[in-house]
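S.K.: Mind having a look at this structure? Questions to follow.
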Amino acid sequence: MRKTYPLQAEGRHPDRVLDAVKHDVRKYLKRERRRPLPEGVDFWDFACRFGLSAEVAETVHLSAVIASIDAAAKEQATQVYVEIITIHGKRQPRPLVPSDDVVPDDEEDDLPE
């Protein structure tokens, strides 16, 4: 989704316009997460960009998109640009801890009790 949202609309209260923008973003995320996962993919991940226009948009974390929209509205911005691209997410396996590093309980470790 690449979209420029106006934050001020003729005849509409600015808070209702802001709520509509946030609702649209959340609805898009919910719809994308419902899509079936392809083979070998663990989850849907999202690459997000946010700015007052497409030219000045910066990369942000997904959890910061709604907060960024709120911040722009507080600064009286007339429009915001939101870009959310769905990408395949693959979980990385945790590294195995070598058993040599584990200290048995019966050995002394030279620490005061």
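Here, each number is a calculation from the coordinates, and none is a lab measurement. Remember, it's a predicted structure, so these values are computed and weren't measured experimentally. Cβ: placed from backbone, ideal geometry, glycine included. Neighbour counts: every protein chain shown.
S.K.: Identify all residues within segment 54-81 that are touching a Ser or Thr at 6+ places or on another chain (Cβ under 8 Å) and either without any contact (Cβ under 8 Å) to a residue 12 or more places away in the chain or not in a loop (DSSP other than H, G, I, E, B) (or both); write none if there are none.
M.R.: First pass over segment 54-81, keeping only residues touching a Ser or Thr at 6+ places or on another chain (Cβ under 8 Å): 54, 60, 79-81.
Correct list: V60, Q79, V80, Y81.
S.K.: Still on this structure, please answer the following. If we scan segment 68-77, do we find a residue that is among the acidic types (D, E), surrounded by 10 or more Cβ atoms within 10 Å (Cβ to Cβ) and farther than 14 Å from K3 by Cα?
M.R.: Quick first cut of segment 68-77, residues among the acidic types (D, E) only: 70, 75.
Still in the running and surrounded by 10 or more Cβ atoms within 10 Å (Cβ to Cβ): 70.
The next check asks that each one be farther than 14 Å from K3 by Cα; those that pass are 70.
Within segment 68-77, one or more residues are among the acidic types (D, E), surrounded by 10 or more Cβ atoms within 10 Å (Cβ to Cβ) and farther than 14 Å from K3 by Cα.
S.K.: Are there any pairs, at least 6 apart or on different chains, whose C-beta atoms fall under 6 Å, with the first in segment 36-53 and under 22 Å from R2 (Cα atoms) and the second surrounded by 11 or more Cβ atoms within 10 Å (Cβ to Cβ) and of a type in the set (F, W, Y), and if so, which?
M.R.: Filtered contacts from segment 36-53: G51/Y81; S53/Y81.
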